Amino acid sequence: MAYVKRKAGESELADLELERDDIKRSRVENKAITVEENNKNVDDSGVNDKKDSPLGVDSGSENKADSVKEEGSVFTNVEIENEDKKDEKSELKGTEVSELPPPPEDDEIELVDGDDGDEKKRIHTYKFDGYTYTYKDRPSVVEEREGKIEYRVVNNDDSRDSMIILTGLKNIFQKQLPEMPKAYIARLVYDRSHVSIAVVRNKLTVVGGITIRPFETHEFAEIVFCAISSTEQVRGYGAHLMNHLKDYVRSTTKIKFFLTYADNYAIGYFKKQGFTKDITLPKKVWMGYIKDYEGGTLMQCTMLPKIRYLDSNKILSLQKAAILRKIRSIGRSHIVHKGIEHFKNENFKPLNPFEIPGVKEAGWTREMDDLAQKPKRGAHYVAMLTILTEMQNHPSNWPFLQPVNREEVPDYYDVIKEPMDLSTMEVKLENDVYESMDDFIYDCKLIFNNCRQYNGENTTFYKNANKLEKAVIAKLKDFPEYSSCLDILTQR
């Protein structure tokens, strides 16, 4: 992520306010210094490369009177009145998920016992309407059920356990988000207006967590930090943590939405957790309340009121069973016919498909077969998608993610007659607009040339265009069949 730089005319009073906050924070950290060693093993397990942390989300809620300055970066805060009950401590206990929820009405579900074994502990099998279905838990769910880990809700209430857990969270965030100022992370984690959910093992050893800033009167919360220790990122802790957060927030507050600024490495994680780039929450609700990061992507999650997210696997499995039962009531796809013996004769003649039992009843036609054999994407789609993904994940891509804002740069469209950006290219690719690789490379070249035309050689934008262009050229060389496109890209 590209971080926010100090804007011209920003008051130096912010630095004085920072000193005041550091003094306050030091008092808090002094209380936790005796328990710092409890989290040393967590602190040592972090990584220095942000790419190793797919859950790393470096967004923060802010106060207008405060700012944090470290190594040239300034993070400006917006002062918001504390919501009610911010200082109350709560604890989210583990949720038993080994039993299915009560079936609807007259439907009968028969649970089938599974065998022992770590892998089989994750699998639940049940019978619904005479058919057998299964669903699988994440390893983190099994560990919670067995008491090996727990998910605890904490905030700065001055208690010993809370300070130990918050200090562990601070350590993990600082390691997993190395480009974020450490003082900035500490200030937000210990801030009493923030709430955290920590993944805790061995009583008070923290292996990950998430920190939010609730705005209950506005019915949304900002996800400030989210990270799991690099050694624990394959056990489903991140997804299970988000489910705990959703259920806790929905059951204890009026909050219906989450907002966060995600960097390129976290977008995929948040998409899997139900977040989208389409922001439906009105700007007047959240604008000025959350931090706006350059290079970050604002994402929103709208919680479903009738879903218990910790039971989502069970609910989806039961929905699938109900849908299949409905299909069986109006279709014939579930009927198993006797095998065809026509092929036992070595001199068999081609069989008319309509003579095969069940084909005609299923509604099959020869036109449907032709459509099924037709490729859905062009042969060049995979190569274009690979190159576009490389551009979207490149650290120098932030000036080119979205179209240039006409209000911020009024004369841009007077100079640039054919604008292009990565989001527009993504839409064109998904809608099969690119008929050839040449068309795709032409748009790539537009991005680079437009930037170099409008900006001077010594600007960051100009240099980023060159870096991104080199990355595209390198990736294009992985596809020798499109070597002719290199000439198009390198021509100025």
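On the basis of being surrounded by fewer than 18 Cβ atoms within 10 Å (Cβ to Cβ) and aliphatic (A, V, I, L, M), does ILE307 make the cut?
Values: surrounded by fewer than 18 Cβ atoms within 10 Å (Cβ to Cβ): yes; aliphatic (A, V, I, L, M): yes.
So ILE307 fits the description; yes.
Counting only helices (runs of 4 or more DSSP H) that sit completely within the range 412-483, those holding 2 or more residues that are of a type in the set (Phe, Trp, Tyr) correspond to 412-415, 437-454, 460-476.
Condition check for MET299 on (1) crowded, with 18+ Cβ neighbours inside 10 Å; (2) assigned to a loop (DSSP other than H, G, I, E, B): one failure, at (2). Every test in (1) in a loop (DSSP other than H, G, I, E, B); (2) crowded, with 18+ Cβ neighbours inside 10 Å; (3) not hydrophobic (A, V, I, L, M, F, W, C); (4) not assigned by TED's automatic domain parsing to the domain that holds LYS271 is passed by SER193 save one, and that test is (4). In the set (1) surrounded by fewer than 23 Cβ atoms within 10 Å (Cβ to Cβ); (2) within 25 Å of SER396 (Cα to Cα); (3) of a type outside the set (Ser, Thr, Tyr), the condition left unmet by GLY236 is number (2). For ASP247, the criteria (1) out of contact with any Ser or Thr (no Cβ under 9 Å at 6 or more places or on another chain); (2) assigned to a helix (DSSP H, G or I); (3) farther than 17 Å from PHE173 by Cβ; (4) of a type outside the set (S, T, N, Q) hold in every case but one, which is (1).
So which of VAL404, VAL409 ends up being closer than 23 Å to ASP443 by Cα, among the β-branched types (Val, Ile, Thr) and touching a helix residue (DSSP H, G or I) at 6+ places or on another chain (Cβ under 6 Å)?
Residue meeting the stated conditions: VAL404.
Identify, from the list ALA383, ALA321, the residue that is under 30 Å from LYS306 (Cβ atoms), among the aliphatic types (A, V, I, L, M) and surrounded by 12 or more Cβ atoms within 10 Å (Cβ to Cβ). Break it down into steps so the answer makes sense when it comes.
Values: ALA383 fails: under 30 Å from LYS306 (Cβ atoms).
The match here is ALA321.
Could you please find all residues in the range 244-275 being under 20 Å from LEU310 (Cα atoms) and under 13 Å from the mean Cα position of the chain (by Cα)?
Residues of the range 244-275 under 20 Å from LEU310 (Cα atoms): 244-258, 269-275.
Result: PHE258, TYR269, PHE270, LYS271, LYS272, GLN273, GLY274, PHE275.
Could you list, in sequence order, the residues of the range 129-174 that are of a type in the set (A, V, I, L, M, F, W, C) and either within 29 Å of SER312 (Cα to Cα) or in contact with a His (Cβ under 9 Å, 6 or more places away or on another chain) (or both)? Give the derivation first.
First pass over the range 129-174, keeping only residues of a type in the set (A, V, I, L, M, F, W, C): 141-142, 149, 153-154, 163-166, 169, 172-173.
Listed by number, the residues that qualify are VAL141, VAL142, ILE149, VAL153, VAL154, ILE165, LEU166, LEU169, ILE172, PHE173.
Restrict the check to the range 152-165 and report whether at least one residue is assigned to a helix (DSSP H, G or I), of a type in the set (Asp, Glu) and either over 21 Å from the mean Cα position of the chain (by Cα) or buried (at least 16 other Cβ atoms within 10 Å of the Cβ) (or both).
Step one: filter the range 152-165 for residues assigned to a helix (DSSP H, G or I), giving 160-165.
Among the residues that remain, those that are also of a type in the set (Asp, Glu) are: 161.
Narrowing further to those that are either over 21 Å from the mean Cα position of the chain (by Cα) or buried (at least 16 other Cβ atoms within 10 Å of the Cβ) (or both): 161.
Checked against the condition, which is being assigned to a helix (DSSP H, G or I), of a type in the set (Asp, Glu) and either over 21 Å from the mean Cα position of the chain (by Cα) or buried (at least 16 other Cβ atoms within 10 Å of the Cβ) (or both), the range 152-165 yields at least one hit.
Kindly indicate the residue of the range 308-330 that is modelled with pLDDT of 90 or more and touching a helix residue (DSSP H, G or I) at 6+ places or on another chain (Cβ under 8 Å) and also nearest to PRO403 (Cα to Cα) among those meeting that condition. Looking at the filtered set, the residue picked out is TYR309.
Being surrounded by fewer than 17 Cβ atoms within 10 Å (Cβ to Cβ), over 30 Å from the mean Cα position of the chain (by Cα) and either among the polar types (S, T, N, Q) or modelled with pLDDT under 90 (or both) narrows it down to one of ASN449, ASN431, ASN458, so name that one. Let's see the steps before the verdict.
On the way: ASN449 fails: surrounded by fewer than 17 Cβ atoms within 10 Å (Cβ to Cβ); ASN431 fails: over 30 Å from the mean Cα position of the chain (by Cα).
Answer to the selection: ASN458.
Considering (1) at pLDDT below 95; (2) in contact with a Ser or Thr (Cβ under 9 Å, 6 or more places away or on another chain), the lone condition that THR211 does not fulfil carries the number (1). The residue list LYS360, LYS374 contains one member that is surrounded by 12 or more Cβ atoms within 10 Å (Cβ to Cβ) and among the basic types (Lys, Arg), which is LYS360.
Only residues that are among the aliphatic types (A, V, I, L, M), in contact (Cβ under 8 Å) with a residue 12 or more places away in the chain and farther than 30 Å from ASP263 by Cα were counted in the range 344-401, giving 2. When the range 305-353 is filtered for residues that are part of a helix (DSSP H, G or I) and closer than 30 Å to LYS254 by Cα, the ones remaining, listed by number, are TYR309, LEU310, ASP311, SER312, ASN313, LYS314, ILE315, LEU316, SER317, LEU318, GLN319. The condition (being of a type in the set (D, E, K, R), under 23 Å from SER162 (Cα atoms) and at pLDDT 95 or above) is satisfied by just one residue among GLU232, GLU222, GLU216: GLU222.
The values are calculated or read from the model by the stated rules, or taken from the named source; none is laboratory data. Not measured: the values here are computed from a predicted model. Virtual Cβ from ideal backbone geometry, glycine too; neighbours counted across all protein chains shown.
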